[in-house]
Amino acid sequence: MIEAIGKETSRALLFDIDGTLANTDPLHLKAFNQVLGPRGHVFDHARFSRELQGFANIAIGERFLPDEAPERRALILDEKEEVFRELVAGQIEPLPGLMALLDRADAAGIPMVAVTNAPRLNAELLLSGLGITDRFKALVIGAELLHGKPHPLPYQEGLRFAGASAMASIAFEDSRTGVQSAVAAGIPTIGIRTSLSHADLVTAGAIASASAFDDPTLLARLAAAMAW
């Protein structure tokens, strides 16, 4: 568990990683099909977004590998993550506007936290590949907590590490489970439309959506909420 630090401040920005900082979902889909396809599970984009996107591997294993022992499920899904890391190496590009947004938050002294259900190796690879590891006050890994997304605990821990209050902060998510997690933690959440539609994200609980971080409406909303 992440320990609380410092005195609570009013604001923070909290980011999912896959599909939010970078559009990596197509590579996850390819890796899942490569590993689970021979085991009878083939996914198109729509099925991926409903049944895989944003879920922790333990939940995916329970659902799609019910006849395997837990240890064997973990090995199979570790193989999927290895395939993903091979696919994504050298192909990590930030969503438009991300770097400018991080610069703006740094200049305003607003702490940022990455909150993900991805394995730590994946998360660290993506942050390093984007060159933004040091921009985040903490990296919260759902699988290292008692509960991952869609439970609110990952975002509650992110807030605690940032010393921020939920209602004065903003989360960015691209999956249903991620939006549900952030909203359950009391954080106003912006859906990023890399995989899901505006309607899907709002139905999950997002207050708004954007195609990327250079969306003028998003930037205006952030300027008002963060007072920068």
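Derivation of every value follows stated rules applied to the coordinates shown; laboratory data play no part. All values reported here derive from a predicted model rather than from experimental measurement. Positions of Cβ are generated from backbone atoms using ideal geometry, with glycine treated the same way; all protein chains shown enter the neighbour counts.
So what's the angle, to the nearest 10 degrees on a 0 to 90 scale, between helix 153-162 and the longest Cα principal axis of the chain?
Around 40 degrees separate the two axes.
State which stretch of the chain is the longest one without any exposed GluC sites (Glu not before Pro), exposure meaning a DSSP loop state and at most 16 other Cβ atoms within 10 Å.
Answer - 69-228.
Go through 110, 75, 98 and say which Cα lies farthest out towards the positive end of the charge dipole of the chain; charges sit on Cβ, +1 for Lys and Arg, -1 for Asp and Glu.
Looking along the dipole axis, the top candidate is 110.
How large is the charge dipole for the chain, taken about the Cα centre, if only the Cβ atoms of Lys, Arg (+1) and Asp, Glu (-1) carry charge, to the nearest 20 debye?
The calculation lands at about 460 debye.
Who wins for biggest fluctuation among 190, 110, 132 in a Gaussian network model of the chain, springs between alpha carbons below 10 Å?
Among 190, 110, 132, the largest mean-square fluctuation in the Gaussian network model of the chain belongs to 132.
Round to the nearest 0.05 the FRET efficiency obtained for residue 133 and residue 42 when R0 = 45 Å and r is the Cβ-Cβ distance. Intermediate results must be reported in sequence, preceding the final value.
Working: r = 35 Å, r/R0 = 0.77.
Once the sixth-power term is evaluated, E becomes 0.85.
If you wrap a convex hull around the C-alpha atoms of segment 1-108 and split its volume per residue, what is the figure in Å³?
About 149 Å³ per residue, rounded to a whole number.
Where is the GNM fluctuation largest for the chain (alpha-carbon springs, 10 angstrom cutoff): 42, 140, 88?
Ranking 42, 140, 88 by mean-square fluctuation puts 42 first.
Where a ≥ b ≥ c are the square roots of the eigenvalues of the C-alpha gyration tensor, would you call segment 146-228 rounded, which needs a/c under 1.5, or, failing that, prolate if a/b is larger than b/c, or oblate? Display every interim value, and only then the final one.
On the way: a/c = 2.28, a/b = 1.15, b/c = 1.98.
Judged from the Cα gyration tensor, segment 146-228 comes out oblate (a/c at least 1.5, b/c at or above a/b).
If you place +1 on the Cβ of every Lys and Arg, -1 on the Cβ of every Asp and Glu, and leave all else neutral, what size is the dipole of segment 44-160 about its Cα centre, to the nearest 20 Debye?
That gives a dipole near 420 debye.
Name all residues of segment 187-224 having a backbone nitrogen under 14 Å from the label point set 7 Å from the Cα of residue 143 along its Cα→Cβ direction, giving them as ranges.
none
How high is the relative contact order of segment 108-167, in percent, with contacts defined as C-alpha pairs under 8 Å that are six or more residues apart?
Contact order relative to length: 38 percent.
Go through segment 217-228 residue by residue and turn each phi into a ³J(HN,Hα) via Karplus (6.51, -1.76, 1.60, θ = phi - 60°); whole Hz please, and just put x for glycine and proline.
5, 4, 4, 5, 4, 5, 4, 6, 6, 8, 6, 10
Given the options 151, 45, 28, which has the most mean-square fluctuation in a GNM of the chain, springs set between C-alpha atoms less than 10 angstrom apart?
Fluctuation is largest for 45.
Percent of Cα-Cα pairs more than 26 Å apart in the chain, please.
Within the chain, distances greater than 26 Å cover 32 percent of Cα pairs.
Once a ≥ b ≥ c are taken as the square roots of the eigenvalues of the Cα gyration tensor of segment 105-169, is the result rounded (a/c under 1.5), prolate (a/b larger than b/c) or oblate (a/b not larger than b/c)?
oblate
For residue 67 and residue 34, what is the calculated FRET efficiency with R₀ set at 22 Å and r taken between the beta-carbons, to the nearest 0.05?
Computed FRET efficiency for residue 67 and residue 34: 0.65.
Measure off 7 Å from each Cα along the Cα-to-Cβ vector at residue 87 and residue 198, then give the distance between these two points in nanometres to one decimal.
2.9
List the residues, sorted by chain then number, that are 5 or more residues from residue 140 or on another chain and whose placed amide H is less than 5 Å from its amide H.
Here the answer is 114, 115, 116, since their amide H atoms fall under 5 Å of that of residue 140.
Give the share of C-alpha pairs in each 10 angstrom bin for segment 64-149, from 0 to the last occupied bin, in whole percents, shortest bins first.
The distribution over segment 64-149 is 15, 38, 31, 12, 4, 0, given as percents.
Give me the angle, in degrees from 0 to 90, between the Cα long axis of helix 120-130 and the longest principal axis of the Cα atoms of the chain, rounded to the nearest 10.
That helix lies at roughly 60 degrees to the long axis.
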